[in-house]
1. Counting only Cα, what are the radius of gyration and maximum Cα-Cα distance Dmax of the range A:3-157, in Å?
2. Using per-residue counts of other Cβ atoms within 10 Å, averaged over each peptide, order B:792-798, B:519-525 from highest down.
3. Across 5 Å bins from 0, what is the distribution of all Cα-Cα pair distances for the range B:1022-1095, in whole percents?
4. What's the average, rounded to a whole number, of partner chain beta-carbon atoms within 10 Å of each residue's beta-carbon in B:1083-1095?
5. Using the Karplus equation 6.51 cos²θ - 1.76 cosθ + 1.60 (θ = phi - 60°), what ³J(HN,Hα) coupling, rounded to whole Hz, does each residue of the range B:177-193 give in order, writing x for Gly and Pro?
6. Compute the relative contact order of the range A:154-233 as a whole-number percentage, counting only Cα pairs closer than 8 Å that sit 6 or more residues apart in sequence.
7. Compute the separation of the alpha-carbon centres of the range B:813-846 and the range A:272-295 and state it in Å as a whole number.
8. Largest first and in whole Å, give the semi-axes of the range A:1-77's equivalent ellipsoid, each being the square root of 5 times a Cα gyration tensor eigenvalue.
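Quick note: the coordinates plus some simple rules give every number you see, no bench work behind them. If you're wondering where the values come from, they're calculated on a predicted model, not measured in any experiment. Backbone-built Cβ (ideal geometry, glycine too); neighbour counts: all protein chains shown.
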Amino acid sequence: MIDLKTTYLGLPLNNPLVASSSPLWENLGNLREFEDAGGAAVILPSLFEEQIELESLHLDRALSMGVDSYAESLSFFPDMQTYNQGPDGYLEHLHRASAAVEIPVIASLNGSSEGGWIRYAGLMQEAGADAIELNIYDIAADSRLNAADLETRYAAIVTAVKQSVRVPVAVKLGPYFTAFANFAERLDAAGVDGIVIFNRFYQPDLDIEELSIAPNLVLSGPEELRLRLHWAAILYGRIKADIAITGGVHTAEDVLKSMMAGASVAMTTSALLKFGIGHASTVLSDLSRWMEEHEYESVRQMRGSLSLRSAPDANAYERANYMKVLSSYPAIRSDSRFEKQER
Amino acid sequence: MIPTKIAIEGNEAAAYVAYHLSENIAIYPITPSSPMGELADQWASEGRPNLWGTVPRVTEMQSEAGAVGAVHGALQAGALSTTFTSSQGLMLMLPNMYKIAGELTPTVFHIAARSLAAQALSIFGDHSDVMAARATGYAMLASNSVQEAMDQALIAHAAALESRIPFMHFFDGFRTSHEVSKIEQLSLGDMRAMIDDAYVHDHRIRALSPDHPVVRGTAQNPDVYFQARESVNPFYLACPTIVQNVMDRFYERVGRRYNLFDYYGAPDADRIIVIMGSGAEAVSETVDTLNSGGERVGVLKVRLYRPFSVEHFVAALPSTAKSIAVLDRTKEPGSLGEPLYLDVIGALHEAVTGGIAPFTAIPRVIGGRYGLSSKEFTPAMIASIFGELGKDRPKNHFTVGINDDITHTSLDYDPEFSTEDPETVRAVFYGLGADGTVGANKNSIKIIGEETEYYAQGYFVYDSKKSGSVTVSHVRFGPRPIRSTYLISRASFVACHQFHFLERLDVLKAAEMGATFLLNSPYCAADVWDHLPRQVQETIISKKLRLFVIDGYRVARDAGMGGRMNTIMQTCFFAISGVLPRDEAIAAIKRSIEKTYGKRGETIVQRNFAAVDAALAHLEEVVVPAEATSRSLRLPVVSVRAPEFVQRVEASILAGEGDLLPVSVLPVDGTYPTATTQWEKRNLALELPVWDEDLCIQCGKCVLVCPHAVIRSKIYDPAALADAPPTFKSAAPRWREFADRRYTLQVAPEDCTGCALCVAVCPAKSKSDARHKAIDMAPQPPLRETERENWDYFLNLPEFDRESLHINQVKDVQLMQPLFEFSGACSGCGETPYIKLLTQLFGDRALIANATGCSSIYGGNLPTTPYSVNAEGRGPAWSNSLFENNAEFGLGMRLALDKQQEYARELVVRLSGKIGERLARELLEADQSNEAGIEAQRTRVRMLKDVLREQNSADARDMLAVADALVNRSVWIVGGDGWGYDIGYGGLDHVLASGANVNILLLDTEVYSNTGGQMSKATPKGAVAKFAAGGKATGKKDLALMAMTYGSAYIARVAMGANDSQTVKAFLEAESYHGPSLIIAYSHCIAHGYDMVYGADQQKNAVQSGHWILCRYHPDRVSEGKNPLQLDSKPPSIPLQQYIYNEGRYTMLTRSNPDEAKRLLEEAQSSVRSAWRYYEYLAAMPGAPEKAGGEK
């Protein structure tokens, strides 16, 4: 019997296939389907503190628009006694999701103020989150903010949240850090239970006909996995925190690579959006079959087997390999920047 | 038990009782009673139970006729049922009311009494409506104040149940319905004590039931109808005593004493005023003042007007009464006197002749009218009435409050006479509709009323415009009860929340000596003085005012509150006025912020808190210099070039001095000149569109979409530029055929409202900076002077020759003169661009019948009117009859024109020998299918008239009177969805079926916009509206599809923002179709809950999502063998969610009931899909079916 079990953030999981945060999980039916397909845990969509503020402002605006201007129409909407405002809806869903499935349900939080991070993390814990993933999505467009201060801010968020909740805390990061290994160690020291690599930044497209910015959500492609494997391999063994790979995990092969690079879990969403939630069971059965064919007994056995620490040719992860790869690439396509990616 | 003190409006006071004592409430919105129904609906959707522990059902109907029908049915089926209405609504209820009373059915209708539409509509308060219903058999109980509106509502319900007589419980529209006042709230225990369930059970027993069947509502004949009608007499005879007994029980329970007729004043008064409604309070106040000066006067307040009890009436009168003035708040033209006056005369006569009067001779009685349409009724006027009563020969049938210089009915009065209590704080606040001033004042009244021992009163005056409207709040606080049911003319505190008002309004008119003046100013204390107009400086000095300033907008912006500075100015008011100790006031404001905004989110609360804290830090007192130094003067109200009528009449109204206009200057039949908005320069826009002539592609979209017709373009001879102002811009026209001329796009700087819709639709972006478009917004003040000059210059350029235009192209439509301009519609209005287009295309020959609603308000609310004229003096002739009858009204116009044309043609034939065969033939055979043809016919008619003037026969004179009818007229029936889908649907349907050549423009905002956002049958599923607080559960009625079933009407569904050329095409096709045409036009609206700058985008989204399927159904296509239906939409390409969740009306439900929102979204999405499939199926059907025998 192949043992697919793993642990992530101290949570025992049936296998390493975890659903990353996506709107799919706003629906309880989808959650149950994922569980039935064998999925091991799920990260709910993020609660955005800024979104809550914005919604509150929009509601206020809608209720205030045109009021007390003309004697016949002193208001335009019924002003109800209560609105499901702030985090209520999210927490309600989190609560229902935890009850709906047996697998761990991890809440995801994107704060915008220190108070917000702590407050909402606490509320998520109360609502039944098995763990909390801090989705620090921050585009460092402010030129006054330097890299060191930014990293310090991230570490402070982790410290503050860790101190305020009992459930484990992971942090999901983008790839654009100059000294990522150093930064990961700082977060590790701050007590984070897991590091999720990497967040994919929203990259709007340009519409050259309309001369406008076009919102364009592109699903992850398998080519994105490499960067994640690379950094998982480097970090494995250097930090106490678990490593999770997200972005580009589409097949059993991708899960295997993730494990071998050193991740505890491999997270997927794009493949489920593309092929359906049932695709999870295909990935898992492919995974078992491959391990059987290759006579692996357990996932644990392979974890980190190709990490920087263990890889037979560790140089490949470091600079020396760069030269080699570059010279072996036939030509760089000039239009690659605007290459139309598969939706 | 200590009663709860609350500060509420009269409408809420009455609705509170009505709701708790009812099971079925059927309503229809009408100003000023709408809030009663809205509150009932809101409470029901919140699950608030009535007195018997069950939640009343509130049902919105299609009209008041519908509402009262439903109430009648509910009563017959044994429910406790009520409704709320006003004015025209009550008129629509009349037939049912006779039935309900005739069947002795207990119910109470709560009425915010309002004027009836006569020479003009008025939404304001008087007793015309209830007096018109006095013969229905309903008892009539009047409330004079907010407290009474609650108390007497309960008395009415209790008495109705006991007496079996239905009641009209009424109070004055706006003055009481909308006054915020501190009152003692009745408890449910009070209601429990007053309502005897035995009478409720009796009512149930009388209900229709198949278990003990009866028939009610028979037809009766000469033999018994009369006797049966008299059979109710005992009930009417018993009613006054029942009411008095209920009032007595109420007094025992609650401690407030009411009588059928309440006398107040000197026990030995010689002069007495008899009055009903809110005016009685001002009379009481005046009586106190006069009596304290040694006079002997009194007031008799009539509470139960029907059934009128002579016995109770005379018992309440002091025996010393020598002369009595009976005041009616209504006018009955041609009568001997108004109703209350006649009743009093009759009562006195009966009492004296019957020997039950306290005096032997009938005192002298005079009658007078006051307060029509909320006209002010002040102690000064009241004192003059008492003065008149003291004269040997007092004027009878007088009026007071106006200057009747024609029939000389009016009494003179001394405006300086005042009864204001010096211990009462009297504050007047000038604000802009959008700035939150009114809301803040309502809030302050709540704080003071509910947290201190002070009495508090607030009354709010709004102007006649929907955009940029000025609001004036009149607020009183004091240690004694406030009975001042009139505006403040002596203010101890004046606040002006908009600096630019100083340029136009005399905001310090009401300030008394030594008053405080709080000014929201962009200038600090050190700089502000030099920016004040000279008149303001002089008043500040002469009245010794203390002046405080704060830059409220800056504080609001810094606190993240945008343009809303309500809490900031409120904080300043408390800080300066000293009504409460400062710390207490701040704490109370913050508590109230929590209460008001807490449910909208913590962010809102925190931002308001920050604003309150920042307000105090930025408030400064100005050291007032000894002399006025400013050289700037207040701006003239209208230009000196304005026509005489505008100068003489409309300018006074604009200046806020309409009350001073004498009767003689006003038209006798409600007829006013058009084209007068051009003289009212409102300068509302903070930013103006600025044209980049190099970037512009001259597509005309901005001109088309502009709701206020403030962006226009012309093509003209380059020579005209010779004396152009230096900053006047022009470009080479992008029309090949006009390449040798010049093109200009010009903005009217003082008429623009700054909505920026033009910028949003502009497709021309700079190639090097995509943010820059061919029109961008820029601050108004630096542009105002130069652009004013440019605009005047532009207007003087000749209009482009219409005949050389392709009028079916948007690009060419921009060059056609709009004959609808600068209306008072909301900034960014989605309706007015369609009306403007109508006038561009057909305005010079259009008659418009306009249903009551937004379009009749911005189209015809005084002082100025937006329909205008071209250089020949032609333009739309416009009229508003009512809300419910507009289709029929328009049809009547068509029938008249057709008849006149028919008669004129007959006369042409008859007179052909005199007018010449050729001219006669040409007149009769003229092709008027295009503008050239119409112009040619006009020329012929001119020639015809020249000939006729020289004839001297009856036929020739007749022909002269109807000759103009030989030129085709375009009849347009315009209205909103409340009219077309609901109240006027029956008429609309009939007109569509009539085959008559009328054009119907239905401006569909999917909600009752004018009365404040109530659901109509056009409201889509899932949208939140009043009466659909839980999201509308049913889908939008597909009026287009229903109308298509006739097969003989032209139907188009358009959305200008989504496809402007389809819109233009539809207008042209509709007008040229020889039969009824219906255009249903998507109109974005502030009632949709988003910024109107995105209006056109949302129209696109509505179409792309499939919610709004663009289509045209042309019956003429059938004869061409084609399918009459053409789809102008593509299949839905975005999910419905992507359209609707940009709008507050939908997202609100996701906040208040997310599960229901999700469910309704899914249902709505599925309806959109099936609707599209159905339309696609219909449009794909083959054209005309082959006839039998293979004959085509």
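1. Computed over the Cα atoms of the range A:3-157, radius of gyration and Dmax are 19.7, 73 Å.
2. Per-residue Cβ counts within 10 Å, averaged per peptide and sorted highest first, yield B:519-525, B:792-798.
3. Histogramming the range B:1022-1095 at 5 Å steps yields 3, 14, 17, 18, 19, 14, 10, 5, 0 percent.
4. 3
5. 4, 10, 6, 8, 9, 7, 9, 8, 7, 5, 8, 4, x, 4, 5, 4, 5
6. Relative contact order for the range A:154-233 comes out at 26 percent.
7. The distance from the Cα centre of the range B:813-846 to that of the range A:272-295 comes to 64 Å.
8. Numbers: eigenvalues 455, 34, 7 Å².
Computed over the range A:1-77, the values are 48, 13, 6 Å.
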